Amino acid sequence: MSTTTHTNHLTKTGERTHAIHAGLPRPTAGEPALPGPVFAAHYRVPGEPTASPYTYGRDGNPTWTLLEAALGELELPGEAVETILFSSGMAACSGVLFSQLGAGEAVVLPDDGYHGLSLLAERLAAFGVEVRRAPTAGDAQRELLDGARLLWIESPSNPGLDVCDIRRLTEAAHAAGALVAVDNSLATPLGQRPLELGADFSVSSGSKQLTGHADLLLGHVSCRSPELAAAVRTWRKAAGAIPGPMEAWLGHRSLATLVPRLTQQSANALALAEFLAGRPEVTGVRHPGLPDDPAHELARTQMRRFGCVVSFELPDRAHAERFLAALRRVEEATSFGGVRSTAERRARWGGDAVSEGFIRFSAGAEDTADLLADVHQALDTATTGARP
Ligand SMILES: *Cc1c(COP(=O)(O)O)cnc(C)c1O
């Protein structure tokens, strides 16, 4: 069994240095800084298996161990934290929900979070878990905590970008005897640290901003408690929701550029939100970094970067489709967080409570002027197309 408890040695360094060096092993002559992926279904285990850190590939892998250490350092610098890597964000969400909840227990979920959560809620309900749901905004989940075993927070929520007070909700949940998990996929640990805000679990997709190149799927769960971590790790082993070594290695490599990516993408998102707010055909622009966004005051208290996602509404479906078709450098695609900008009409999936003209835009790391120019011309084209 590999151990992923790790105490960070770089807490006094700046964030970029910290992210660039996170999880790297002690430098060794003749070895690369980040050892290559270890491909192994099993490891040699002579004699007593307890003497071997790695036995079978579904239980542990040295490439995961390095990335788990790196993520732990970013999630909670300077403190011991355990991280369990998964094959995807949904596997990580499942790891917490299914290891912590049983028949007859209650879970409080957001009703405006990532649409995949609804699929898991259906499974939980089928197994006899009581599912309670309330919106993210206004800390509405607080009203449902009585007798609950777990509170699940997603802030900012995806795709509506509402924010709740994580510390306040966590204190209320703990007072009610509930554990707290925060889905931090949108913010990443460099934008917001749920464990520092009191949560028991920080859960994240690694397929989005965290790795940022839109070329792999990963997920992880971090927590302080070794007991909670052990339960999540056992669920991973039982369900087999394990990442490939190549994905883990690529994910670790990508962390070195997390700070510059996130910084540029957050700046682009804010510039885009400000630009969109000045367009007459655009309504409902949401971005937590926008000074007059309803979530901004609260977001400032718990986020250090506001992320790359901007949401807004165009008058109708046809207008939104013309806008997306007219973009030249922005890919029409789902997901978010990649270095290349993407946008989509969210209602096309049918899972979110959004209008037909609702756009979720993920700002990439392009030059701000180029991104704004492309959006500008696409909005103009879409509006011209509407004229009789
Ligand atoms: C994408 C996403 C997930 C699921 O992650 P995958 O890696 O796609 O499985 C979970 N939560 C949020 C908030 C997401 O955006």
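Assuming 0.36 nm per residue, please report the length gained on full extension of the stretch THR334 to GLN377 beyond their Cα-Cα distance.
On the way: separation 43, 0.36 × 43 = 15.48 nm, distance 2.16 nm.
Separation in residues times 0.36 nm, less the Cα-Cα distance, equals 13.3 nm.
Compute the helix-to-body angle for 368-386: its Cα long axis versus the longest principal axis of the chain, expressed 0 to 90° and rounded to tens.
50 degrees
What is the magnitude of the charge dipole of the stretch 258-384 about its Cα centre, with +1 placed on the Cβ of each Lys and Arg, -1 on the Cβ of each Asp and Glu, and no other charges, expressed in debye to the nearest 20? Display every interim value, and only then the final one.
Details: 15 positive and 18 negative charges, 78 e Å.
Once rounded to the nearest 20, the dipole reads 380 debye.
Can you report the principal axis dimensions of the chain using only the alpha carbons, biggest first, rounded to whole angstrom?
Over the chain, Cα extents along the principal axes are 81, 55, 36 Å.
For the stretch 54-94, what relative contact order do you get, as a whole percent, if you take Cα pairs closer than 8 Å and at least 6 residues apart?
Numbers: 20 pairs, mean separation 11.3, N = 41.
It comes to 28 percent, rounded to a whole number.
In what sequence, highest mean first, do 215-224, 166-175 appear when ranked by Cβ atoms within 10 angstrom?
215-224, 166-175
Could you tell me which residue out of ALA172, PRO37, LEU109 lies farthest along the dipole of the chain toward its positive end? Charges go on the beta carbon: Lys and Arg +1, Asp and Glu -1, centred on the Cα centre.
PRO37
So, with +1 on the Cβ of K and R and -1 on the Cβ of D and E, and no other charges, what is the size of the charge dipole of the chain about its Cα centre, to the nearest 20 debye?
Dipole magnitude for the chain comes out near 700 debye.
Ignoring everything except DSSP H segments at least 4 long, calculate the 222 nm mean residue ellipticity for the chain; use -39,500 (n - 2.57) per segment, divide by total residues, nearest 500. Walk me through the intermediate numbers first.
On the way: 11 runs with 135 residues, N = 388.
Taken over the chain, the calculation gives -11000 deg cm²/dmol.
From the mean inverse distance of alpha carbon pairs (Kirkwood) and the Cα radius of gyration, derive Rg over Rh for the stretch 258-384. If you can, show how the numbers build up before the last one.
Details: Rg = 13.6 Å, Rh = 14.5 Å.
Ratio value, two decimals: 0.94.
Might you tell me the accessible area per residue for the stretch 258-384, computed with a 1.4 Å probe and given in Å²?
Values: 5190 Å² over 127 residues.
Each residue of the stretch 258-384 exposes 41 Å² on average to a 1.4 Å probe.
By how many nm would the segment from VAL45 to ARG167 lengthen if fully extended, with 0.36 nm per residue of separation less the alpha-carbon distance?
Values: separation 122, 0.36 × 122 = 43.92 nm, distance 4.53 nm.
Gain in length upon complete extension: 39.4 nm.
Please compute the net charge surrounding ARG253, taking Lys and Arg as +1 and Asp and Glu as -1 over other residues with Cβ under 14 Å from its Cβ. Display every interim value, and only then the final one.
Working: positive: ARG261; negative: ASP215, GLU247.
Every neighbour counted, the sum reads -1.
The values are calculated or read from the model by the stated rules, or taken from the named source; none is laboratory data. Note that the structure is predicted; figures quoted are calculated from it, not measured. No Cβ is skipped: glycine too gets one built from the backbone with ideal geometry, and neighbour counts run over all protein chains shown. Only protein heavy atoms, including side chains, enter the accessible area calculation; ligands, DNA and RNA are left aside. Shrake-Rupley method; radii C 1.70, N 1.55, O 1.52, S 1.80 Å.
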